[in-house]
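Step one of this worksheet: look at the structure below.
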Amino acid sequence: MNVDVNPGFGSSPMAAVPPDIQQIGIIGAGQMGSGIAHVCALAGLSVTVVDVKPDALSKALATISRNMDRQVNRSVISSDARDAALMQIHTATEFSALGTADLVIEAATEKEDVKRSIYKALTPSLKPECLIASNTSSISITRLGASTDRAEKFIGMHFMNPVPVMKLVEVIRGIATDEPTFQAVQTLAHKLGKITAVSEDFPAFIVNRILVPMINEAVYALYEGVGSVTAIDTSMKLGANHPMGPLELGDFIGLDTCLSIMQVLYEGLSDSKYRPCPLLVKYVEAGWLGRKSGRGFYDYTHSPPRPTR
């Protein structure tokens, strides 16, 4: 299924046949990278995950195996499918391992300078026809693509977290992205069992343009004393039927990621309504980033987690 109400840039009635994607490279062995590797391997694709930290690669493989075991226990996949998928995943610490990849998906931290430095080091190792997709949740695809040697083969492919569970993939074309690249990524997303929504290349795209300002507003409500952490999250869960309160959701996403997205919105759209809440800034400065650091708006060293304010 594809929700494409605006064909955007880069389309051409005489476009070439989309490339067939069989070998996937993934840069970054964190939560998003491992999740993308998980779904690609289950779809029968050969996957190579690259990360500079060997321990991150080991942790990613363990996470993927554990999550696939859960799927087997829930009868979502068979044990044979799990075993076959795990055999499809390879790891490396050097970009040279991606020389035969048809598509490389970058799932590094949400910082533009980091992504640009990755592309600079990556592209010499790629074959000329290799596509590059960024899993960025907010940064301009046009600008990122322009920092590579193949802007026409560069695209945004924003998976949702957790990747094996969430059905949506936002597909974002930069101004230079060509039609074969777009069609190839659409086909790949559907092969992974995902539903795509096509977004224009505006700051934070669709999901985070709407979602993260809501989280930021919840932080403002806490900052201004409108309600406690518990009151705010309970109100949105029971009053708006949200499965997770906005402060709990911010912790799940990562408060540093939320702050980065708000900064992209604020700087990109020059609208004061996107100003990051000072309390959000303070939490990030303190290293209270949410679940991944053990503390955010909740303290995860306790069971159940306790509000920190």
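The values are calculated or read from the model by the stated rules, or taken from the named source; none is laboratory data. All values derive from a computational prediction rather than experimental measurement. Every residue, glycine as well, gets a Cβ built from its backbone with ideal geometry; the counts of neighbours run over all protein chains shown.
Taking segment 106-116 as the range and being touching a Gly at 6+ places or on another chain (Cβ under 9 Å) and either more than 14 Å from SER260 (Cβ to Cβ) or outside any loop (DSSP other than H, G, I, E, B) (or both) as the test, the residues that pass are GLU106, ALA107. For ASP256, the test of being part of a helix (DSSP H, G or I), in contact with a helix residue (DSSP H, G or I) (Cβ under 6 Å, 6 or more places away or on another chain) and under 17 Å from ARG309 (Cα atoms) is failed. Scanning segment 202-217 for residues that are among the aliphatic types (A, V, I, L, M) and either surrounded by fewer than 15 Cβ atoms within 10 Å (Cβ to Cβ) or part of a helix (DSSP H, G or I) (or both) yields VAL207, ILE210, LEU211, VAL212, MET214, ILE215. Screening ASP299 on (1) buried (at least 22 other Cβ atoms within 10 Å of the Cβ); (2) in contact with a strand residue (DSSP E or B) (Cβ under 8 Å, 6 or more places away or on another chain); (3) acidic (Asp, Glu) shows it passes everything except condition (1). Total residues in segment 117-170 satisfying the condition of being assigned to a loop (DSSP other than H, G, I, E, B) and either of a type in the set (A, V, I, L, M, F, W, C) or not assigned by TED's automatic domain parsing to the domain that holds PRO19 (or both): the figure is 7.
Okay, residues lined up against (1) in contact with a helix residue (DSSP H, G or I) (Cβ under 8 Å, 6 or more places away or on another chain); (2) touching a residue at least 12 places away in the same chain (Cβ under 8 Å):
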position: ALA37; (1), (2): yes, yes
position: VAL49; (1), (2): yes, yes
position: ALA56; (1), (2): no, yes
position: THR63; (1), (2): yes, yes
position: GLN71; (1), (2): yes, yes
position: SER75; (1), (2): no, no
position: LEU86; (1), (2): yes, yes
position: ILE89; (1), (2): yes, yes
position: PHE95; (1), (2): yes, yes
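To keep it simple, each residue is scored yes or no on (1) in a helix (DSSP H, G or I); (2) surrounded by 21 or more Cβ atoms within 10 Å (Cβ to Cβ); (3) within 19 Å of the chain's Cα centre (by Cα).
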{"residue": "VAL219", "(1), (2), (3)": "yes, yes, no"}
{"residue": "LEU238", "(1), (2), (3)": "yes, no, no"}
{"residue": "ASN241", "(1), (2), (3)": "no, no, no"}
{"residue": "GLY250", "(1), (2), (3)": "yes, yes, yes"}
{"residue": "LEU265", "(1), (2), (3)": "yes, yes, yes"}
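Looking across segment 267-290 at every residue that is more than 19 Å from LYS111 (Cβ to Cβ) and touching a Phe, Trp or Tyr at 6+ places or on another chain (Cβ under 6 Å), the one that is surrounded by the most Cβ atoms within 10 Å (Cβ to Cβ) is identified as CYS277. Within segment 54-76, the set of residues being farther than 19 Å from ALA29 by Cα and either in contact with a Pro (Cβ under 7 Å, 6 or more places away or on another chain) or outside any helix (DSSP H, G or I) (or both) comprises ARG74, SER75, VAL76.
Among the residues of segment 180-201, the one identified as surrounded by fewer than 19 Cβ atoms within 10 Å (Cβ to Cβ) and touching a Ser or Thr at 6+ places or on another chain (Cβ under 8 Å) is HIS190. Among the residues of segment 64-88, those identified as surrounded by fewer than 23 Cβ atoms within 10 Å (Cβ to Cβ) and under 21 Å from VAL104 (Cα atoms) are LEU86, MET87, GLN88.
Among the residues of segment 163-178, some residue qualifies, meaning at least one is in contact with a strand residue (DSSP E or B) (Cβ under 8 Å, 6 or more places away or on another chain) and of a type in the set (Gly, Ala, Ser). If you check SER96, SER65 for being of a type in the set (Ser, Thr, Tyr) and either outside the structural domain of ASP149 (by TED's automatic domain parsing) or within 21 Å of the chain's Cα centre (by Cα) (or both), only one passes: SER65.
Listed here are the residues, each with its yes/no results for (1) among the hydrophobic types (A, V, I, L, M, F, W, C); (2) surrounded by fewer than 21 Cβ atoms within 10 Å (Cβ to Cβ); (3) at pLDDT below 95; (4) touching a Pro at 6+ places or on another chain (Cβ under 6 Å).
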{"residue": "LYS127", "(1), (2), (3), (4)": "no, yes, no, no"}
{"residue": "ILE132", "(1), (2), (3), (4)": "yes, no, no, no"}
{"residue": "ASN135", "(1), (2), (3), (4)": "no, no, no, no"}
{"residue": "ALA146", "(1), (2), (3), (4)": "yes, yes, no, no"}
{"residue": "THR177", "(1), (2), (3), (4)": "no, no, no, no"}
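Would a scan of segment 157-172 turn up a residue that is of a type in the set (Phe, Trp, Tyr), farther than 19 Å from ALA43 by Cβ and either crowded, with 23+ Cβ neighbours inside 10 Å or within 11 Å of the chain's Cα centre (by Cα) (or both)? No, segment 157-172 contains no residue that is of a type in the set (Phe, Trp, Tyr), farther than 19 Å from ALA43 by Cβ and either crowded, with 23+ Cβ neighbours inside 10 Å or within 11 Å of the chain's Cα centre (by Cα) (or both).
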